[in-house]
1. Please give the calculated 222 nm ellipticity per residue for the chain, where each DSSP H segment of at least 4 residues contributes -39500 (n - 2.57) and the sum is spread over every residue; nearest 500 deg cm²/dmol?
2. Excluding ALA38 itself, what net charge comes from residues whose Cβ is under 12 Å from its Cβ, given Lys and Arg +1 and Asp and Glu -1?
3. What does the charge count around GLY472 come to, taking other residues whose C-beta lies under 12 Å from its C-beta (Lys +1, Arg +1, Asp -1, Glu -1)?
4. Between 0 and 90 degrees, rounded to the nearest ten: what's the tilt of helix 572-587 against the longest Cα principal axis of the chain?
5. Rounded to the nearest 5, what is the percent of antiparallel bridges among the DSSP beta bridges in the stretch 288-413?
6. Kirkwood hydrodynamic radius, the stretch 288-413, all distinct C-alpha pairs: what's the number in Å?
7. Just want the ordering: LEU72, LEU174, LEU132, from fewest to most Cβ atoms lying within 10 Å of their own Cβ.
8. By per-residue mean of other Cβ atoms within 10 Å, what is the highest-first order of 496-507, 422-433?
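Quick note: the coordinates plus some simple rules give every number you see, no bench work behind them. This structure is a prediction, so every number in the text was calculated from the model and none was measured. Cβ placement follows ideal geometry from the backbone for every residue including glycine, while neighbour counts extend to all protein chains displayed.
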Amino acid sequence: MADNIIKLVLPENSEEARTNKEIGQEFTKILESESLNAIYQPIVDYKKQVILGYESLVRGPSDSALHNPVMLFDMARRTGSLTELDLLCKRTGIQGFKAKRLPGKLFLNTTPQGLLEPGHRTGLTLEYLRELGLKPENVVIELTEQYQMTDSHVLSNALQHYREMGFEIAIDDLGAGYSGLTRWAELRPEYVKIDRHFIQNIHTDAVKQSFVRSIIDIAKELNCKVIAEGIESREESQMLMDMGICYGQGYYFGRPQSNPPYSIPESLFRGADGFIPRSQPWPVREDIEDLLTEAPALLSNDNLEQAYRYFVKDDSLTAIAIINAQREPIGLIRRNKLLTTFSSQYGRSLHGAKPVINFMDRSIIMVERSWNIEQVSNLITDNMKEQIEADFIIVDQGKYAGLGRVLGLLKKITDLQIRNARYANPLTLLPGNVPLYECLDQLINTQSEFCVAYCDIDNFKPYNDVYGYFEGDRVIKLIAEILRDNTHKSDDFIGHVGGDDFIVVFSSQDWPERCEKILAAFENHVPSLYTDDDRSLGGIYSQSRDGIEQFFPFMSVSIGVVTPDTKKVISHHDISNMATHAKHSAKNIKGNSLFIERRRTSLLAQ
């Protein structure tokens, strides 16, 4: 309202008044003609190494002074048209997302002030989705903190209404807005985006690293997912991965554009040394190409009769890809749907000459042939949970290559899971020696930088003898959980190699801090494992290995760390020897201890 008053006191013939009037008229024209353009920026899932979804961003006409969204929304605020513009932006973003068949979730921006305007009507976003056949659970309402909000109660009610309709909520630019942590705690969003200021050069700024780690810790308590915005370099991305960030967004992965990529090159998830972070447990990275079946494709203007002939000729063919002139897939003709159409009276004669584009399924999943089984399985299970017998499209740099069967993928995944289970420790379900050796040998072969931490519980046997095997198993599961909580889920590997012995292969750069956190966490938990009487004594009496009764203090953890020189060590046997010596050195230190072996080659080789 204040802005409108200021405009009234300007002379009618002033240059500023004329400019404001022209821009106002142009703004009205944009709303009436709905001449907005949507561009999309990918948001990546670091763990799965796939695209989580896309943020929809709007722009005004390219030749307009209102092309910039800041100018566009400022004009809407001045004229009381935030609700109208907000709804138009959502509709434009939804339509483009559907038309481009983008995978994953759609992040739609909305302004808090728009939600609180008298003209705002809830439910329109859901109506847009239903018109296009999209589900609300695949849409995230992203709340921007561009303007200060005072009525948090009304805002909370509005967002709760979104949740009841099936939408998730995200808060944008955490650290840059007016409300910050207070708004986060009040609204409890499913996602929170860290402002780009804290991401820029984070790999060289300890203060920014501390801030982001604090956000990650708070997010765990609030059951919230963290997205880092503004990632522009490999170094920033690698640091965020090391810190445990789940999702990332920025120019490094892709600029906002009208036709964004369907997948992210695997190389962008590599460290500076070329190492690709692995998820836990250590996967067998077989290529999806093993599941590729060469199958015919039709152009969009080909007719249904041609598709029918393919199905009659090959009984095993369950779908045919529809491609454009550039051999880019745009849909699928499903066998069952076509045969059902042709089986009706006059079905074939009525529809046989019609173009396949009118009958194709546009809800398709596309994967690159260079992807591995793990990447594809994460994408398929997120998007095709109830379509076990369906096909997905395999492309080579965006061009059609062939089809894959979900059923075949599930069989392959099952085989790999059986293999992993065969070598997993039954108590902790962590991988054992065989996967560990494979992990180490692969790192040696690729000459990656890593370190190995041998973790052993001191005074575990006396505790197990006094308290029994059930309580002893609780201790084993406790240390396993502490290791999981303090290692990077994608970069680091945890192996349970027997009894109370664990091996952690660290590829994350901040492994010294992680080791210290492991020691501190175990030290904090240990007293609760003893009775009140034993706690007052600070330990227990039990027989030593020689059969002599003696006092044993509280259990502690000894960690021996080695940083192998992969140019000199030959196999996992060399590293095992080094790690064992480092563990013994750590156990010679009383209490919870960390010993770092500075020698980088096998002691036997020296």
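1. Numbers: 21 runs with 244 residues, N = 606.
Mean residue ellipticity, 222 nm, calculated: -12500 deg cm²/dmol.
2. Numbers: positive: ARG59, LYS90, ARG91, LYS98, LYS100; negative: GLU34, GLU55.
Summing Lys/Arg as +1 and Asp/Glu as -1 gives +3.
3. On the way: positive: LYS461, ARG474, LYS477; negative: ASP465, GLU471, ASP473, ASP500.
Net of charged neighbours comes to -1.
4. 70 degrees
5. Values: 14 of 20 bridges.
Bridges in the stretch 288-413 are about 70 percent antiparallel.
6. Working: mean 1/r = 0.0672 Å⁻¹.
Result for the stretch 288-413 stands at 14.9 Å.
7. On the way: LEU72 21, LEU174 25, LEU132 12.
The order, fewest Cβ neighbours first, is LEU132, LEU72, LEU174.
8. On the way: 496-507: 20.6, 422-433: 16.6.
Going by the mean number of other Cβ atoms within 10 Å, highest first, we get 496-507, 422-433.
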